[in-house]
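Notes follow the structure.
The values are calculated or read from the model by the stated rules, or taken from the named source; none is laboratory data. Predicted model, so just to flag it, every value in this text is computed and none were measured. Here the Cβ positions follow ideal geometry from the backbone for every residue, glycine too, while neighbour counts run over all protein chains shown.
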Amino acid sequence: MKGKRILLGISGGIAAYKIAFLIRLLKKQGAEVKCIMTPASSDFITPLTVATLTENPVYIDFWNKQNGQWTNHVDLGMWPDVFLIAPLTANTLSKLANGFCDNLLTATYLSAKCPVVVSPAMDLDMYAHKSTEINLDKLASFGVKVLPAEFGELASGLVGKGRMIEPEKIVEFLQCFFEKQHQFSSKQVLITAGPTYEYIDPVRFIGNFSSGKMGYEIAKEFLDRGAKVVLISGPTNEILIHPNLKILNVTTALDMLEKVQANWNDSDIGVFSAAVADYRPEVKEQVKIKKNEDSLSIKLIKNPDILFWAGKNKKTNQYLVGFALETNDALEYGRKKLKSKNLDAIIINSLQDKGAGFATNTNKISILDKEENLSEYTLKPKSEVALDVVNFVAEEYSKFLF
Ligand code: C5P
């Protein structure tokens, strides 16, 4: 972390006292640290302590009350390599999630262009509150890296989830973050995500339960590592915003195919996680079908296999990963798909594993490569599964290029 510029935002929770240790650890690693404190945080740790440890003035107000000098929050936001907010209180979190800028910390967040990492800390009921969950998800959708709070003893005397992760872990995260930050820079990654909807008539469709979450998490992970991502997304509730991200929203498999065909040639890596409908109605009725008859037959015809097209048109320097979601004989089907679709690896998940697959926040995967090596992973949140997937691709892709 030598020479890395870290802007540390401190908000007003009891965990603020640990920030003195965090600053010492960061300085020991050779980082330069500047701090912005919310007014409330100075009740927990003094600006003098923070200034002494960082060897820099501390920023609290928009302007200095003695001499009228103005602190330029825009300049402050441009200075760092990373803006770390720790501890992040429920109050500051809700401000960040909603664009409030009523103090220097929140105003700087709104104008900062660098990566932002937050380490929440609050009492267990506050952390478990739906509004906190929604606000954290919202920050994550803006590309903010959230370091989830831990289970443990809380200042209230209660025990539960809400404890800020220890300073050592924050430093470890930052080391890892800086190490991987440029892993995929100058590479374009094409990702398909979500379901496709196949029109029956103007108001009805055939679809599936895919949430798109897995593909969006993989997109986030590649973006964190410097890649340019083209995300071709079927209809989902997921939101993701990032300067290096181009999202192309599609509805049907045919739309998705068209966008993949337009973008695959310029991509270095493809990860196809979309749950594409295998069939579509042969005819899309132009007006809403009336319920006159006792039964209704809709003739379905086969959709194109988009991944098959990408595998067929794969150049030697392109690396392609597919997904196989199976209800039975997952490994065997995965192996067949890897070959028939000309893939470099396939991510297999079996719906027989509890908590895996569609519309859950967790997944359990195995990855099969071309040499038939199988890497198996445990059940974990989809954000962590994305980490495993991208770590796997990073390792294989570096071997593959040389
Ligand atoms: O053959 P199957 O549909 O099980 O293969 C799944 C993989 O193929 C996934 O990676 C999925 O995104 C992709 N796929 C596709 N186009 C289709 C069907 C599946 O790209 N029409």
(request) Out of the residues in the stretch 230-273 that are assigned to a loop (DSSP other than H, G, I, E, B) and of a type in the set (Val, Ile, Thr), state the one that is surrounded by the most Cβ atoms within 10 Å (Cβ to Cβ). (result) VAL250
(request) Go through (1) out of contact with any Phe, Trp or Tyr (no Cβ under 6 Å at 6 or more places or on another chain); (2) within 16 Å of the ligand (Cβ to nearest atom) one by one and return the number of the condition SER210 breaks. (result) (1)
(request) Please identify the pairs in which a residue from the stretch 130-146 that is among the polar types (S, T, N, Q) has its Cβ atom under 7 Å from the Cβ atom of a residue that is in a loop (DSSP other than H, G, I, E, B), counting only partners at least 6 apart or on another chain. (result) SER141/ILE239; SER141/LEU240; SER141/ILE241
(message) Taking the criterion of being surrounded by 17 or more Cβ atoms within 10 Å (Cβ to Cβ), in contact with a helix residue (DSSP H, G or I) (Cβ under 6 Å, 6 or more places away or on another chain) and within 28 Å of GLN261 (Cα to Cα), would at least one residue in the stretch 355-362 satisfy it?
(response) no
(message) Among the listed residues ASP294, ASP305, ASP278, ASP329, identify the single one that is under 30 Å from SER186 (Cα atoms) and among the charged types (D, E, K, R).
(response) ASP305
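Does VAL230 satisfy being within 16 Å of the ligand (Cβ to nearest atom), touching a residue at least 12 places away in the same chain (Cβ under 8 Å) and in the same structural domain as ASN317 (by TED's automatic domain parsing)? Working first, answer last.
Values: within 16 Å of the ligand (Cβ to nearest atom): yes; touching a residue at least 12 places away in the same chain (Cβ under 8 Å): yes; in the same structural domain as ASN317 (by TED's automatic domain parsing): yes.
It is true that VAL230 is within 16 Å of the ligand (Cβ to nearest atom), touching a residue at least 12 places away in the same chain (Cβ under 8 Å) and in the same structural domain as ASN317 (by TED's automatic domain parsing).
With the condition kept exactly as written, say whether any residue in the stretch 46-62 is closer than 22 Å to ASN135 by Cα, surrounded by fewer than 21 Cβ atoms within 10 Å (Cβ to Cβ) and either in contact with a helix residue (DSSP H, G or I) (Cβ under 8 Å, 6 or more places away or on another chain) or not assigned by TED's automatic domain parsing to the domain that holds GLU150 (or both).
Filtering the stretch 46-62 for residues closer than 22 Å to ASN135 by Cα gives none.
Checking the stretch 46-62: not a single residue is closer than 22 Å to ASN135 by Cα, surrounded by fewer than 21 Cβ atoms within 10 Å (Cβ to Cβ) and either in contact with a helix residue (DSSP H, G or I) (Cβ under 8 Å, 6 or more places away or on another chain) or not assigned by TED's automatic domain parsing to the domain that holds GLU150 (or both).
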(request) Considering only residues that are basic (Lys, Arg) and not in a strand (DSSP E or B), look in the stretch 207-229 and name the one that is farthest from LEU387 (Cα to Cα). (result) LYS213
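Give the stretch 244-271 a look and list any residue that's of a type outside the set (Asp, Glu) and more than 13 Å from the ligand (Cβ to nearest atom), or say none.
Hits for the stretch 244-271 are ASN244, LEU245, LYS246, ILE247, LEU248, ASN249, THR251, ALA262, ASN263, ASN265, SER267, ILE269.
Answer yes or no as to whether ALA274 is near the ligand (Cβ under 9 Å from one of its atoms) and among the aliphatic types (A, V, I, L, M).
Numbers: near the ligand (Cβ under 9 Å from one of its atoms): yes; among the aliphatic types (A, V, I, L, M): yes.
Judged against the criteria, ALA274 is a match.
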(request) Take ASP329 and decide whether it is out of contact with any Cys (no Cβ under 8 Å at 6 or more places or on another chain), of a type in the set (D, E, K, R) and buried (at least 18 other Cβ atoms within 10 Å of the Cβ). (result) no
